[in-house]
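Peer 1: I am attaching a structure below and will ask some questions about it afterwards.
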Amino acid sequence: MCLTVTSILACLPCAIVCLPCTVCIGIPVGLVEGLLTFGLLIPLLCCAGLVGLFTSGDDTPDAPDADPAASTFNSTNGDSSTGCDFNDVEQLLSNFVNSSTFATSEPVSPQEKAMLWLKNQNNTEVEQCSPYSTLQRYVLAALYYSTNGADWAQQGNYLSNKNVCSWKGVFCDDNIIATKLILETNNLHGTIPDEIGELKLLEKLKFTSNSLVGTLPSTLGNLMSLEELNLGDNALTGSIPKELGNVSPLSVISLYENNLSGSVPSELSNLQGLKGLFLFDNDITGNVAALCASGNITIKVDCAEIDGCNCCLC
């Protein structure tokens, strides 16, 4: 308790009018005579002290700790807000996607549907409206529509207003950034959208044992944190993107049991950390001698169609 000029001045009326109140606040009756000697000083000080008790900043209780569950994504591109207003979502995404493809009022493409859904979302849990968190939400919605999400075996909060870390198969780091996308054996049928390459911090991408068709997007080569790519047991066509050779962290590439064709890209020999390459049950040709020469690697291919395969499992 401390006495301040402010608290003393505030108590002048009390001291003048209510001298007897000193007894009420704990001054013994025997000291009342002393009040005649000290005049108004004691009631003034007592009353000021009482005011100080209720106004002193020293005794103010600390504010409660913030709920850890309400922590927000914090990045160089973000802000600290938690409620999202997507009225300007096209502007937020303008650096990542071509907004001219979203002009239609009746969305047809997966991208148009994802944009319309995103614009109608408000107050999403935990995530804030930074460009990356908005982009992440858009990409996952585009994946949902591209692979007929309504038919998935398990949808697990997809297209809800809950933060994406609670969505089926989405695993995040402490900053609410998706680092793993695992949707194995979940009845995905359709194509992998090009937008998947915008999830720059993905470390694992696993869509094994679904019914995916179409070609492998070259934008997979933009996933510069990717360590494991597993798209085996689908119905993918086309060739292996040479851009995968730019993803230096890749340790496993698993594309077995598809309808892929063409040759093994020579660029894959740039992947110094590649430990596993699984391409069997496709129509892939080429030469993997350079990969075998790299040392500790397991390669499983259709050996009759592949040259330089002295290290292969057939």
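Peer 1: Which one of these does PHE207 not meet: (1) at pLDDT below 95; (2) buried (at least 20 other Cβ atoms within 10 Å of the Cβ)?
Peer 2: PHE207 satisfies all of (1) at pLDDT below 95; (2) buried (at least 20 other Cβ atoms within 10 Å of the Cβ) except (1).
Peer 1: Of the conditions (1) buried (at least 21 other Cβ atoms within 10 Å of the Cβ); (2) of a type outside the set (Val, Ile, Thr); (3) assigned to a loop (DSSP other than H, G, I, E, B), LEU260 clears all except one; give me its number.
Peer 2: Only one criterion in (1) buried (at least 21 other Cβ atoms within 10 Å of the Cβ); (2) of a type outside the set (Val, Ile, Thr); (3) assigned to a loop (DSSP other than H, G, I, E, B) is unmet by LEU260, namely (3).
A quick yes/no check of all residues on (1) farther than 27 Å from SER239 by Cα; (2) more than 13 Å from the chain's Cα centre (by Cα); (3) of a type in the set (Asp, Glu):
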| position | (1), (2), (3) |
| --- | --- |
| THR147 | no, yes, no |
| GLN155 | yes, yes, no |
| LYS162 | yes, no, no |
| CYS172 | yes, no, no |
| LEU199 | no, no, no |
| LEU202 | no, no, no |
| ASN210 | no, yes, no |
| GLY214 | no, yes, no |
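Peer 1: I need the full set of residues from the range 158-204 which are of a type in the set (S, T, N, Q) and either out of contact with any Asp or Glu (no Cβ under 8 Å at 6 or more places or on another chain) or surrounded by fewer than 16 Cβ atoms within 10 Å (Cβ to Cβ) (or both), in order please. Step through it out loud before you land on a result.
Peer 2: Just the residues of the range 158-204 that are of a type in the set (S, T, N, Q), to begin with: 160-161, 163, 166, 175, 179, 185-187, 191.
Within the range 158-204, SER160, ASN161, SER166, ASN175, THR185, ASN186, ASN187, THR191 meet the criteria.
Peer 1: Would you confirm whether or not the range 107-116 contains a residue that is at pLDDT 95 or above and buried (at least 21 other Cβ atoms within 10 Å of the Cβ)? Before the answer, list the steps.
Peer 2: Within the range 107-116, the first condition is being at pLDDT 95 or above, and the residues that meet it are none.
No, that holds for no residue.
Peer 1: Kindly indicate whether LYS275 is under 17 Å from ILE182 (Cα atoms) and surrounded by fewer than 18 Cβ atoms within 10 Å (Cβ to Cβ). Step through it out loud before you land on a result.
Peer 2: Numbers: under 17 Å from ILE182 (Cα atoms): no; surrounded by fewer than 18 Cβ atoms within 10 Å (Cβ to Cβ): yes.
Here the answer is no, as LYS275 does not meet what is asked.
Peer 1: Still on this structure, I have one more. Please find, within the range 174-194, the residue that is modelled with the highest pLDDT out of those that are charged (D, E, K, R) and more than 16 Å from the chain's Cα centre (by Cα). Write out each step before concluding.
Peer 2: At the first step, the residues of the range 174-194 found to be charged (D, E, K, R) are 174, 180, 184, 194.
With the extra rule that they be more than 16 Å from the chain's Cα centre (by Cα), the set shrinks to 184, 194.
On the way: GLU184: 98, ASP194: 94.
Looking at the filtered set, the residue picked out is GLU184.
Peer 1: What pairs come up if the first residue lies in the range 147-163 and is closer than 24 Å to VAL108 by Cβ, the second is among the aromatic types (Phe, Trp, Tyr) and at pLDDT 90 or above, and their beta carbons are under 7 Å apart, counting only those six or more places apart or on different chains?
Peer 2: Going by the 7 Å Cβ cut-off, the qualifying pairs are GLY149/TYR158; TYR158/TYR144; TYR158/TRP167; LEU159/TYR144.
Peer 1: Restricting to the range 158-173, and then to whatever is part of a loop (DSSP other than H, G, I, E, B) and of a type in the set (A, V, I, L, M, F, W, C), can you tell me which residue is nearest to THR185 (Cα to Cα)? Give the derivation first.
Peer 2: As a first pass, look at the range 158-173 and keep what is part of a loop (DSSP other than H, G, I, E, B): 158-163, 167-169, 173.
Next, only the ones that are of a type in the set (A, V, I, L, M, F, W, C) stay: 159, 167.
On the way: LEU159: 20, TRP167: 16 Å.
Ranking the qualifying residues of the range 158-173, first place goes to TRP167.
Peer 1: Further question on the same structure: Does LEU268 count as at negative phi and in a helix (DSSP H, G or I)? Explain how you work it out, then say what you get.
Peer 2: Details: at negative phi: yes; in a helix (DSSP H, G or I): yes.
Criteria met by LEU268.
Peer 1: Let me ask another. Restricting to the range 292-314, and then to whatever is surrounded by 15 or more Cβ atoms within 10 Å (Cβ to Cβ) and at pLDDT 90 or above, can you tell me which residue is farthest from the chain's Cα centre (by Cα)?
Peer 2: ASP302
Peer 1: Can you pull out the residues in the range 130-157 that are outside any helix (DSSP H, G or I) and buried (at least 21 other Cβ atoms within 10 Å of the Cβ)?
Peer 2: Just the residues of the range 130-157 that are outside any helix (DSSP H, G or I), to begin with: 130, 147-148, 152-157.
Scanning the range 130-157 gives SER130, THR147.
Peer 1: Looking only at the range 174-201, which residues are closer than 12 Å to LEU143 by Cβ and touching a Ser or Thr at 6+ places or on another chain (Cβ under 6 Å)?
Peer 2: So the first thing to find is which residues in the range 174-201 are closer than 12 Å to LEU143 by Cβ, and the list is 178, 181, 183, 186, 188, 190-199.
Those that are closer than 12 Å to LEU143 by Cβ and touching a Ser or Thr at 6+ places or on another chain (Cβ under 6 Å): LEU188, GLY190, THR191, PRO193, ASP194, GLY197.
Peer 1: Filter the range 217-242 down to residues that are hydrophobic (A, V, I, L, M, F, W, C) and either in a helix (DSSP H, G or I) or farther than 19 Å from GLY149 by Cα (or both), then give me how many there are. Give the derivation first.
Peer 2: Initially, the range 217-242 is screened for residues hydrophobic (A, V, I, L, M, F, W, C), giving 220, 223-224, 226, 229, 231, 235-236, 240.
Keeping just the survivors that are either in a helix (DSSP H, G or I) or farther than 19 Å from GLY149 by Cα (or both) gives 220, 223-224, 226, 229, 240.
Residues meeting the conditions: 6.
The values are calculated or read from the model by the stated rules, or taken from the named source; none is laboratory data. Every value quoted in this text rests on a predicted model; they were computed, and no experiment measured them. Note: ideal-geometry Cβ built from the backbone for every residue, glycine included; neighbour counts use all protein chains shown.
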